[in-house]
Amino acid sequence: MTYHLPAGKAAGGAYAVDVTPETAGWGHCALRVLNLPPGGAHTFDSGGSEWIVLPLSGGCRVATADDFGHHTFRLTGRESVFGGVSDFAYVPRDSRTTVSSDGGGRFALTGARCTRRLPARYGPASSVPVELRGTGNCSRQVNNFGAADVFACDRLIAVEVITPGGNWSSFPPHKHDEHRPGEESVLEEIYYYEFAGHDGVPGLGYQRVSPSGRGRGTDVLAEVRDGDVVLIPDGWHGPSMAVPGHDMYYLNVMAGPDPERAWLIRDHPDHAWIRDTWPDRPVDPRLPLYTAPERSA
């Protein structure tokens with residue numbers, strides 16, 4: 001199994017990225033990235049999965065139908081993942097959805113197989129908690145749009161992470177491949193990357209996944225660039241390293257079999273001590289890169 005999929009390797013049909021449980025060889029989470037030209041539209045069936053439509057660049061309309069009726073959500077979106085928090089739309093299982101865009105853009109569809117059919121909903125950008133995690137050169141920004149304790153889904157968990165150039169994120173290395181109630185969840189995970197360029201030079205970073213002694217023994221050391229994907233069925237994952245001068249973005253999509261939808265992790269015992277150093281160091285002053293917009297009155 002190949003766990004690092006360079007840009008284009010995970011493409012399929014209308015999608016620049018099309019990771020399904022079948023192609024990943026696992027049971028739960030999925031990711032699609034859809035590029036639309038100005039005036040373009042794409043229709044998909046959700047099947048047995050729930051989905052969140054998240055603009056990466058540009059805005060769109062999301063039209064879907066569920067047991068509660070027909071819905072059209074207008075997503076303002078953003079210029080890029082480095083430009084601001086985006087609004088989003090939740091699409092239930094067993095529905096047909098059309099994504100259309102007057103100006104064109106790039107849109108992520110984060111998905112997970114599920115049992116319950118929850119109603120279609122709009123998620124405003126103003127409702128997305130922006131978290132600063134870590135300090136010093138471990139500082140990063142997390143946009144918790146689809147976190148387990150933020151937005152209601154059946155199985156899906158999804159967040160965005162922005163790491164300033166030269167910093168390490170997903171550190172200390174951690175895992176979630178063992179069911180330990182109240183301590184650790186079993187979650188498959190997808191990383192999708194984008195980078196800020198500089199003077200026309202594209203960015204890059206590095207991703208490490210090391211075996212935890214469970215599952216497939218996943219072992220990855222990859223140079224990652226715009227549009228790359230890393231699949232993490234198990235193992236200690238981290239660090240995710242952004243080269244100096246180039247901010248790194250990754251979209252995390254997670255889902256698993258545990259009865260509770262929760263992100264519970266275990267830090268690698270050799271590196272867990274690093275968390276104890278964070279209170280003594282300031283957060284990287286480059287963060288937050290941006291904050292969520294104010295809620296309208």
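The numbers here are math on the coordinates, done by the rules we state, and not lab data. Keep in mind that what you see is a predicted model, and the values were worked out from it rather than measured. Quick reminder, even Gly has a Cβ in these numbers, built from the backbone with ideal geometry, and neighbours come from all protein chains shown.
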Output for the stretch 31-63, where each listed residue is of a type in the set (D, E, K, R), buried (at least 18 other Cβ atoms within 10 Å of the Cβ) and more than 13 Å from L251 (Cα to Cα): E50
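Do we find that S240 is within 18 Å of G134 (Cα to Cα) and either β-branched (V, I, T) or in contact (Cβ under 8 Å) with a residue 12 or more places away in the chain (or both) in this structure?
On the way: within 18 Å of G134 (Cα to Cα): yes; either β-branched (V, I, T) or in contact (Cβ under 8 Å) with a residue 12 or more places away in the chain (or both): yes.
Taking the combined requirement at face value, the residue satisfies it.
Being within 18 Å of the chain's Cα centre (by Cα), under 27 Å from V53 (Cα atoms) and outside any strand (DSSP E or B), is that true of even one residue in the stretch 242-257? Give the derivation first.
First, the residues of the stretch 242-257 that are within 18 Å of the chain's Cα centre (by Cα): 242, 247-256.
Filter once more, so that each one left must be under 27 Å from V53 (Cα atoms): 242, 247-256.
Retained after the next criterion (residues that are outside any strand (DSSP E or B)): 247, 256.
For the stretch 242-257, residues within 18 Å of the chain's Cα centre (by Cα), under 27 Å from V53 (Cα atoms) and outside any strand (DSSP E or B): present.
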Only one of V91, V85, V99 that is in contact with a Pro (Cβ under 8 Å, 6 or more places away or on another chain) and buried (at least 21 other Cβ atoms within 10 Å of the Cβ): V85
Options S185, S169; residue that is closer than 17 Å to P257 by Cβ, hydroxyl-bearing (S, T, Y) and crowded, with 17+ Cβ neighbours inside 10 Å: S185
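Going by the conditions given, is D270 part of a loop (DSSP other than H, G, I, E, B) and within 19 Å of A158 (Cα to Cα)?
Working: part of a loop (DSSP other than H, G, I, E, B): yes; within 19 Å of A158 (Cα to Cα): no.
No, not satisfied.
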Close pairs (6 angstrom Cβ cut-off, 6 or more residues apart or separate chains): closer than 21 Å to S49 by Cβ in the stretch 79-102, surrounded by 16 or more Cβ atoms within 10 Å (Cβ to Cβ) and of a type in the set (S, T, N, Q) anywhere: V91/S46; V91/T64; V91/T97; R93/S46; R93/S49; S95/S46; S95/T64; T97/T64
Every residue from the stretch 103-136 that is loosely packed, with under 15 Cβ neighbours inside 10 Å and under 23 Å from G227 (Cα atoms): G103
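Taking the stretch 121-140 only, how many residues are small (G, A, S) and touching a Gly at 6+ places or on another chain (Cβ under 9 Å)?
Residues of the stretch 121-140 small (G, A, S): 123, 125-127, 134, 136, 139.
Filter again for touching a Gly at 6+ places or on another chain (Cβ under 9 Å), leaving 123, 125.
Going through the stretch 121-140 one residue at a time, the tally reaches 2.
Could you check the stretch 235-282 and list, in sequence order, the residues that are among the β-branched types (V, I, T) and over 24 Å from L56 (Cβ atoms)?
Pass one, the stretch 235-282, residues among the β-branched types (V, I, T): 243, 253, 265, 274, 277.
If the condition is that a residue be among the β-branched types (V, I, T) and over 24 Å from L56 (Cβ atoms), then I265, I274, T277 are the ones that fit.
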Flag if V17 is among the β-branched types (V, I, T), in contact (Cβ under 8 Å) with a residue 60 or more places away in the chain and surrounded by 14 or more Cβ atoms within 10 Å (Cβ to Cβ): yes
Those residues of the stretch 276-297 which are surrounded by 13 or more Cβ atoms within 10 Å (Cβ to Cβ) and more than 23 Å from the chain's Cα centre (by Cα), in sequence order: W278, R281
Scope the stretch 139-175; condition more than 28 Å from T291 (Cβ to Cβ), under 17 Å from the mean Cα position of the chain (by Cα) and either not basic (K, R) or not in a strand (DSSP E or B) (or both); matching residues: D154, R155
Residues of the stretch 18-53 satisfying the condition of being more than 17 Å from P92 (Cα to Cα), touching a Lys or Arg at 6+ places or on another chain (Cβ under 6 Å) and not charged (D, E, K, R): N35
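Tell me the strands (runs of 3 or more DSSP E) entirely within the stretch 1-93 that contain at least 1 residues that are more than 30 Å from D219 (Cβ to Cβ). Step through it out loud before you land on a result.
Details: elements: 15-19, 29-36, 40-45, 49-66, 69-78, 88-91.
Correct list: 29-36, 40-45, 49-66, 69-78, 88-91.
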